[in-house]
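Some notes on the structure that comes next.
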Amino acid sequence: MERTPYGFLLVAAGGFLGAVARHAVDVGVDGALAAASGSRLALLGGVPAGVGTLTANVAGSFALGVLLTCASSDRLRLLVGTGALSSFTTYSTFVADAVALGTVAGAGYVAVSYVTGFAAAALGLAIGGSYRR
Amino acid sequence: MSASPLLATALVGGGGALGAAARHAVGLRVEGRRSVLTLNTLGSLALGAVSAAPIGSTATLLFGVGFCGAFTTFSSFAVGTVRAASETGPRAAATLAASNLTAALAAFLFGSHLVAAVSV
C-alpha cells in the first residue's frame, strides 16, 4: 500500500490539506494577536515570528501521537499521518523563525517548542494508547 | 504584492502535496529516525536558500511555505523522540533532539549564506 501510486496519492492529498491548514493557522494567529493587542505590538515591530508555527507544531504533535496509537488502517495513516499531520507541522519554518528571532529569543523559542511539542506528543501517545485498550 | 487568498491556497497546497510525496519517497528509502533527521536537514537547507533568494511572494508560498514546510516535519520528530526516550532511554532522545536542531540550523544558515553570497 505505502509503495503504490495510490499510497503516494493519499500522502499528497493529505499534504495539500496539511500545508493549507498550517498557512491558515499562521495567518489567523497573526491576525488574532494583532487585533487583541492593538498598538502595543507596534512597539515590538509587529507580531513576533513563530507563534503560528508553534501552535501548529504542538497541535500536530498531539494529534499524530493519538493517530499512530489508535489508527487501524494503512489508508488512514498515510492520508492523515504521513500526509496531513506531518505537513501541518514543520521543522524548516521552525528553524527559520528561531533564526529570525535572534539568539536570545530564538533559544527561548526553541526551548518552548521542544518542551511543549514533546509533552503534546507524549500526551497524544498516552491518550491514543489508553483508548485502544 | 501579496497573492490573493485563493492563489495562496493553491500555491501552498500544491507545494505541500509535492513536499509530502517527496518526504514519503525519502521515508521509504532511509530507515527509521534517521529519515526524519535527513528530511529536516535537507528541507532546512532548501528553505535557507529560498529565504535568501530574490524571489517574489508567489515562489515563496510554493517552495518555502508549501514544499519545504511539508517536506520537513515536527510532529514525526516529536513522536519519534518521545518513543526513543521510552524505548532506548533519555540519552538517545536527547541525542536525537540535539542532532535535529544542530543539523537543521547549520543547514539553514549555510543555505541562506550561500545564496546571499551568490546573488550579490
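Bear in mind that the values in this text are calculations on the coordinates, not laboratory data. Since the structure is predicted, the reported quantities are computational estimates derived from the model, not experimental observations. Note that we place each Cβ from the backbone using ideal geometry, even for glycine, and neighbour counts take in every protein chain shown.
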What would the Debye formula give as log10 I(q)/I(0) at q = 0.15, 0.18, 0.19, 0.21 Å⁻¹ for the alpha-carbon point model of segment B:5-67, no solvent? -0.49, -0.66, -0.72, -0.83
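With each run of n ≥ 4 DSSP H residues scored as -39500 (n - 2.57), what mean residue ellipticity at 222 nm is computed for chain A after dividing by its residue count and rounding to the nearest 500 deg cm²/dmol?
Numbers: 5 runs with 98 residues, N = 133.
Helix contribution divided over all residues of chain A: -25500 deg cm²/dmol.
What is the average number of partner chain Cβ atoms found within 10 Å of a Cβ in B:18-31? Can you show the working numbers first?
Values: counts 4, 9, 17, 11, 4, 6, 13, 3, 0, 4, 4, 0, 0, 0.
Average per residue, whole number: 5.
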I'd like the Kirkwood hydrodynamic radius of segment A:5-132, using the inverse of the mean 1/r over distinct C-alpha pairs, in Å. 15.6 Å
Taking 8 Å as the Cα distance limit and 6 or more residues as the minimum spacing, I'd like the relative contact order of segment A:5-132 as a percentage. 38 percent
Out of B:Ser75, B:Ser35, B:Ser57, any idea which swings most in a Gaussian network model of chain B, alpha carbons joined below 10 Å? B:Ser75
For B:Arg34 and A:Ala24, FRET efficiency with R0 = 41 Å and r from the beta-carbon atoms, rounded to 0.05? 0.80
With 5 Å bins from zero, work out the P(r) of the protein assembly as shown over every alpha carbon pair and list the percent per bin. 1, 7, 13, 18, 21, 17, 12, 6, 3, 1, 0, 0
Provide the FRET efficiency to the nearest 0.05 for the A:Ala100-B:Ala98 pair, computing r from the beta carbons and using R0 = 25 Å. 0.70
Quickly rank B:25-32, A:95-102, A:84-91 as a protection proxy: mean count of other C-beta atoms within 10 Å, highest first. A:84-91, A:95-102, B:25-32
Amide H to amide H under 5 Å from B:Thr72: which residues, 5+ apart in sequence or cross-chain, H placed 1.01 Å off N in plane? A:Tyr91, A:Ser92
Descending packing, highest mean Cβ count within 10 Å first, for A:103-116, A:52-65, B:43-56 is A:52-65, B:43-56, A:103-116
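For peptide B:7-14, how many partner chain Cβ atoms fall within 10 Å of a residue's Cβ, on average?
On the way: counts 0, 4, 5, 2, 3, 9, 11, 5.
Mean shielding by partner chains, rounded to a whole number: 5.
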Considering all projection directions equally, how large on average is the shadow of the alpha-carbon convex hull of segment B:5-118, in square nanometres? 7.4 nm²
Average other protein chain Cβ within 10 Å of Cβ, residues B:92-104: 2
Overall Cα dimensions of segment A:1-62, principal axis frame, Å, largest first: 53, 18, 15
Just want the ordering: B:Leu37, B:Leu6, from fewest to most Cβ atoms lying within 10 Å of their own Cβ. B:Leu6, B:Leu37
So how strong a dipole does chain A carry about its Cα centre when Lys and Arg Cβ are +1 and Asp and Glu Cβ are -1, to the nearest 20 debye? 340 debye
